[in-house]
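Undergrad: My questions will all concern the structure given below.
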Amino acid sequence: MAKKLKNYIGGEWVESSATTYTPVINPATCEVLGECPESTRADVDQAVKAAQEAFVEWRSTPVLNRAQYMYQLKHIIEDRFEELVEMVVQENGKTRDEARGEVRRGIESIDFATTVPVLMRSDGVEDIAAGIDEDTVMQPAGVFAAITPFNFPAMVPLWFLPTAITCGNTFILKPSPQTPISMDILFQIMEDLDLPEGVVNLVQGGKEASMALMEHPGVKGVSFVGSSPVARLVYETCTKHGKRVQAQGGAKNYIAVLPDADMTASVKNIMGAAYGCAGQRCLAAAVVVGVGDAYDKLRDELVRQAQGLRVGYGLQETTQMGTVVSAAAKERIERMITEGEKQGAKVLLDGRRAVVNGFENGNFVGPTIVENVSADNILAKEEVFGPVLSLMKADSFDEAVDIINSSKYGNAASLFTDSGRHAREFKYRVNAGNIGINIGVAAPSASFPFGGQKESFFGDLHGQGIDSINFYTERKIVIERWI
């Protein structure tokens, strides 16, 4: 019988007051892994109150002591690493290696949180005026929440939670109802930390719980990762209610390849960028722009390598690409390929109606490549969030830059070249928050902010890095005279 998930509030596992539950389904086997409660506003209010009560004591806990919990958390996760990896595969559909990489990147965020005692140091000036000293003090701000997506169920919550609580705040996490069990495991792991009750809280659910967090007067700020339409709603709702907000939205990431690029290395990088995690990541390569003479060779090599990818169940070690997250996602992706074809695109490699032996009911979409994609084609304009790579041709570097900048999204863009001049021009001119030079997935390490521009990000301070320290703290100016 599938496990009915509970919330974790005030240091205890508690039943939700929900009357409805959403099944959590393994997208490869269609097995029901659990049932996720559609938690209510009453559940959220209970969590906020627990977090508010815990904040009083937690904020006065020395920052070095708070950081020690992060060292312990890292070691406990390392001990249960493969357990968390296996659940990510089962509920999300990615491969085991991809899940291992995800959990490893999450641990890097815990590593970053251990540096909070250094990054929260203040500055000041003696005798700013005669006999007067002036200092800044960084203080925890209160109760924070994160609403996280299905595509990285272990990693994305760890972008936020470790830094937030090490800065002295208390925290409420609401994961995606499609992939909630990874966080159920993480909170079981965190029970071994013996944190004060209410410092971390888990509320499962969907829209009602999300809206309650965004509107609750006891929540200081909200972090969100998801699609751009929802990110805009999160931003507007949170700002309307006077909250801090960082809302990372969708993407349409372009890669330009110049004729002087190392074609073998370029294609290898593009393959991973396009088909890693079945294209279900905000840094996935979506459109490749071949410049001049690079196009034909690039196209042929991409098709050759993509058609050799082994699609299958992620727990099988030989699998190179897993499933998309749900039947609805599969239907949407295949519909967008068909619509792009109707708008003039030519399908070179067709992943529609993919079937894997032994997993015939699984939500598989095979690697797909389309060319003759015009700027107004749906496959060039809208986020597919699946293993679909569109090819465009540009006559010059300048035309390639114009194509990239015409997108309404600005999450990431990459250039493959051997030219330092073109690399510098690309970094200077392209309007995207994460830039890759001879890098397919321009994913910032945990100590750097996760960039995003245009409709890929709503807010002022990004997740990760020094931005996260500023997001999770208040700056207080102290002016003193004792003479």
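Readers should treat all values here as calculations from the given coordinates under stated rules, not as data from a laboratory. The shown structure was predicted, so the numbers you read here are calculated from the model rather than taken from an experiment. Neighbour counts are summed over all protein chains in view; Cβ atoms, including those assigned to glycine, are modelled from backbone coordinates with ideal geometry.
Undergrad: Which is the longest run of the chain containing none of the GluC sites (Glu not before Pro) found in DSSP loop states (not H, G, I, E, B) with at most 13 other C-beta atoms within 10 Å?
TA: Longest gap between qualifying sites, sites excluded: 32-316.
Undergrad: Could you pull out the longest piece of the chain with no exposed loop trypsin sites (Lys or Arg not before Pro) in it, calling a site exposed if DSSP puts it outside H, G, I, E, B and it has at most 14 other Cβ atoms within 10 Å?
TA: 122-309
Undergrad: R0 = 41 Å: FRET efficiency of VAL32 with GLU399, Cβ-based, nearest 0.05?
TA: 0.25
Undergrad: Can you compute the FRET efficiency between GLU474 and ILE128 using 1/(1 + (r/R0)^6), with r the Cβ-Cβ distance and R0 = 22 Å? Round to the nearest 0.05.
TA: It comes to 0.60.
Undergrad: List the residues, sorted by chain then number, that are 5 or more residues from ILE9 or on another chain and whose placed amide H is less than 5 Å from its amide H.
TA: HN-HN under 5 Å from ILE9: VAL14, LEU202.
Undergrad: By DSSP, what percent of the beta bridges with both residues in the chain are antiparallel, rounded to the nearest 5?
TA: The antiparallel proportion sits near 40 percent.
Undergrad: Can you work out ³J(HN,Hα) from phi for every residue in region 438-451, in order, using Karplus 6.51 cos²θ - 1.76 cosθ + 1.60 and θ = phi - 60°, giving whole Hz and x for Gly and Pro?
TA: 6, 10, x, 10, 7, 8, x, 5, 4, 8, 10, x, 7, x
Undergrad: Would you mind checking which residues have amide H under 5 Å from GLY463's amide H? H placed 1.01 Å from N; only 5 or more apart, or other chain.
TA: For GLY463, whose amide H was placed from the backbone, the distant partners under 5 Å are PHE450.
Undergrad: With contacts defined as alpha carbon pairs under 8 Å and 6 or more residues apart, what's the relative contact order of the chain in percent?
TA: Computed over the chain, the figure is 19 percent.
Undergrad: Which percent, to the nearest 5, of DSSP beta bridges fully inside region 359-483 are antiparallel?
TA: Roughly 20 percent of the DSSP beta bridges within region 359-483 come out antiparallel.
Undergrad: Provide the FRET efficiency to the nearest 0.05 for the ASP262-LEU193 pair, computing r from the beta carbons and using R0 = 56 Å.
TA: It comes out at approximately 0.75.
Undergrad: If you build the convex hull over the alpha carbons only and average its shadow over all orientations, what do you get for the chain? Give it in nm² to one decimal.
TA: 24.3
Undergrad: If you don't mind, another one. Given the pairs LYS268/LYS427; LYS6/LYS220; LYS74/LYS427, which span a C-alpha to C-alpha distance of over 29 angstrom in this model?
TA: Check vs 29 Å cut-off fails for LYS74/LYS427.
Undergrad: Considering only region 253-437, what is the antiparallel percent among its DSSP beta bridges, to the nearest 5?
TA: Rounded to the nearest five, the antiparallel share is 10 percent.
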